[in-house]
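A short worksheet on the structure shown next.
The values are calculated or read from the model by the stated rules, or taken from the named source; none is laboratory data. Model, not experiment: these values are computed from the prediction. Here Cβ is always computed from backbone atoms with ideal geometry, including for glycine, and neighbour counts include all displayed protein chains.
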Amino acid sequence: MAKYSEQMQAIFERFRATVNPDPVSLDEVAAWAIDEGLFRPGPRDVAKLCRDALADSLRQEKRIDAKGRKYRTKHSVRTWIGGQQLSLWADIDTAPRDFLEKSFAQRRQSIVGDCFQIKQDVDHFNDERSGEKPIQIILDFTEDVAEMEAAQHRDLGDEEAA
């Protein structure tokens, strides 16, 4: 039996083949898949939907510290417990240091993975379309982060720090 992600990919490809091969909203694909009876969530999916909604909400929760920095309050660590991979969640202001070190390291590794994948995608695109001007991608974010920090300082009225 195909993995869940492979089943979802097959639904998307079937939509492209039978309905529309152009760029499309996943809302449109989801409505079509449900109408066609291709997507039928099971009872366990209700718990997964709740868990995913909780995770999305926790990722969005922010506070502002005494220096005016908006920071993410809830952090997670992926870990194995009893042979099952789980995400444990904690508050940045009360979590143990080692928990947050793991969380930050995992988030950084996720960014590295995204950068690696976008480089693979851009390199493929450029190789396949060698007659076109190549797409350039910069993976050093130092200036981007500095610009965002400067903008935050300007927004807070801290012209000296900006």
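Listed values, structure above:
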| quantity | calculated |
| --- | --- |
| Filtered residues of segment 17-34 (kept if under 24 Å from the mean Cα position of the chain (by Cα) and either among the β-branched types (V, I, T) or more than 18 Å from K48 (Cβ to Cβ) (or both)) | D22, P23, V24, S25, D27, E28, V29, A31 |
| First in segment 129-152 and more than 15 Å from C115 (Cα to Cα) and in a loop (DSSP other than H, G, I, E, B), second anywhere and at pLDDT 95 or above and not hydroxyl-bearing (S, T, Y), Cβ under 6 Å, 6 or more apart | P134/N126 |
| Cβ-Cβ under 8 Å pairs, at least 6 apart or on other chains, segment 88-110 side farther than 23 Å from I64 by Cβ and touching a residue at least 12 places away in the same chain (Cβ under 8 Å), far side among the hydrophobic types (A, V, I, L, M, F, W, C) and surrounded by 10 or more Cβ atoms within 10 Å (Cβ to Cβ) | L88/V77; L88/F99; K102/V77; Q106/V77 |
| Residues that are part of a loop (DSSP other than H, G, I, E, B) and surrounded by 13 or more Cβ atoms within 10 Å (Cβ to Cβ), drawn from segment 70-104 | T73, I92, A95 |
| Residue tally, condition farther than 30 Å from R154 by Cα, in contact with a helix residue (DSSP H, G or I) (Cβ under 9 Å, 6 or more places away or on another chain) and β-branched (V, I, T), over segment 46-90 | 2 |
| Segment 33-72 - residue that is without any contact (Cβ under 8 Å) to a residue 40 or more places away in the chain and small (G, A, S) and, of those, nearest to M148 (Cα to Cα) | A66 |
